[in-house]
Amino acid sequence: MKRVPMIQPSVTISLLPNSPKAPFLLGPNLAEAVATAAELGYPACELFPPNLAAIDVPAIKNLLHTHHMQLSTIGTGGGWVTQQLTLIDSDPTVRERAKNYIADIIRRAAELGGSAIIGSMQGRCGNRDRRECLDLLRDQLGELAAVAAGCGRPLFYEPLNRYETDLFNTLGDTFRFLEDGLPQNLKILADLFHMNIEETCSATALRLAGSRIGHVHFVDSNRQVPSRGQTDFGPLAESLKSIGYQGFLAVEAFPLPSSREAAETALASFRRWF
Ligand code: LER
Ligand code: MN
């Protein structure tokens, strides 16, 4: 019998005050957000905490248990937003703090059954030597992937569009960098919004990255929820199914026209294509 891939939706919850300019659907009250996600029918959520203190593991575990909700992922971008930490900062003490911050999130996410995401905290190279920047990135990602492996988890690295990083913008370039010696538990986070800006063909890029894809940000071309932009999700869904993708599609999108309506529309879109 043909095995049907298990792709599940997840909804983003920001623990920072919500804003129509930030791509998170629910929050900032965690208890209310988890209750709403469960009521709408989401099996999982992705958290965006502003700092480590916001990740109260026993309290979150209790809340997830009460609502039969899984934690798919925790974003680390708060380390950039609130403390300007990046993995390739030119100051070694900042790099060390950035690495420790992400390592802590990897461990806390693992205790909650989830995995960490490295997006904005990768940083930018700017006018420094690109080779040196990529060497720093390689060392930092390698150490953090080892922390995740010690917890029995993957770690997700996210290529971003050109306006947010100059390290890696496409899945193909990211794939080649990771395949050049970085461990297999270091997976690509494919964000369909960034890909819409950078890829020649997103459906092909997903196929070529294959089993290196570990997580997806499910979002439309204008960073609104799927079906509020101009992406044709049919070919993207076909690609993910063809590579046997088994992870989450986390809706990281603007909460428009309202948090609740966006979360409802995103789930309806998920059911239509997956
Ligand atoms: C940033 O644009 C993004 O897509 C996030 O997932 C990264 O933290
Ligand atoms: Mn993203």
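The values are calculated or read from the model by the stated rules, or taken from the named source; none is laboratory data. Computed from a prediction, not measured in an experiment: that's the story for all the values here. Positions of Cβ are backbone-derived with ideal geometry, glycine not excepted, and every protein chain shown enters the neighbour counts. Accessible surface areas use protein heavy atoms only, side chains included; no ligands, DNA or RNA. Shrake-Rupley method; radii C 1.70, N 1.55, O 1.52, S 1.80 Å.
Here's the picture: charge each Lys and Arg Cβ at +1 and each Asp and Glu Cβ at -1 in the range 8-273, and of P9, A205, N29 the one pushed furthest to the positive end of that dipole is P9.
What you get for the range 8-273, charging only the Cβ of Lys and Arg (+1) and of Asp and Glu (-1), is a dipole of about 240 debye around the Cα centre.
Annotation: amide H-H contacts under 5 Å for I118 (H modelled 1.01 Å from N, sequence separation of 5 or more, or interchain): F156, Y157, E158. Between L186 and L155, the built amide H atoms are under 5 Å apart, and every one of these is 5 or more places off in sequence or on another chain.
Can you give me the C-alpha center-to-center distance between the range 57-128 and the range 217-253, rounded to a whole angstrom? That distance is 23 Å. Comparing L71, P255, V94 along the charge dipole axis of the range 8-273, the residue lying farthest to the positive side is L71, per the Cβ-charge model. Put a plus charge on the Cβ of each Lys and Arg, a minus charge on the Cβ of each Asp and Glu, and nothing anywhere else: the dipole of the range 84-155 about its Cα centre is then about 160 debye.
No disulfide-compatible partner, judged by a Cβ distance under 4.7 Å, exists for the following cysteines of the chain: C45, C151, C201.
Extending 7 Å from the Cα toward the beta-carbon at both E96 and L40 defines two label points whose distance is 4.3 nm. Given R0 = 35 Å, the distance between the Cβ atoms of E238 and A149 translates into a calculated FRET efficiency of 0.65.
Can you classify the range 182-274 as rounded, prolate or oblate using the Cα gyration tensor, where a ≥ b ≥ c are the square roots of its eigenvalues, rounded means a/c under 1.5, and otherwise it's prolate if a/b beats b/c and oblate if not? Prolate. Reported to the nearest whole Å, the Cα centre-to-centre distance from the range 131-190 to the range 17-53 is 26.
Fully extending the segment from C201 to N62 would add 45.8 nm, taking 0.36 nm per residue of separation and subtracting the current Cα-Cα distance. With a cut-off of 12 Å between beta carbons, the residues surrounding R260 carry a summed charge of -4, where Lys and Arg count +1 and Asp and Glu -1.
Taking a Cβ cut-off of under 11 Å around F233, the surrounding Lys, Arg, Asp and Glu residues balance to a net charge of -2, with basic ones at +1 and acidic ones at -1.
Among the GluC sites (Glu not before Pro) found in the range 1-99, not one is both in a DSSP coil and sparsely packed, with 13 or fewer other Cβ atoms within 10 Å of its Cβ. Among L236, T170, L144, whose Cα lies farthest out toward the positive end of the dipole of the range 8-273, if unit charges sit on the beta carbon of Lys, Arg (+1) and Asp, Glu (-1)? Positive-end residue among those listed: L236.
Close amide H contacts of S10 (hydrogens built in the peptide plane, cut-off under 5 Å, sequence separation of 5 or more or a different chain): L249, A250, V251. Among the protein heavy atoms of the chain, carbon and sulfur supply 51% of the accessible surface, probe 1.4 Å, non-protein parts ignored.
What does the C-alpha gyration tensor say about the overall shape of the range 1-142? Classify as rounded when a/c is under 1.5, otherwise prolate if a/b is larger than b/c, or oblate. Prolate shape, in that a/c is at least 1.5 and a/b is the bigger ratio. Among P58, P49, P183, the largest mean-square fluctuation in a Gaussian network model of the chain (Cα springs under 10 Å) belongs to P58.
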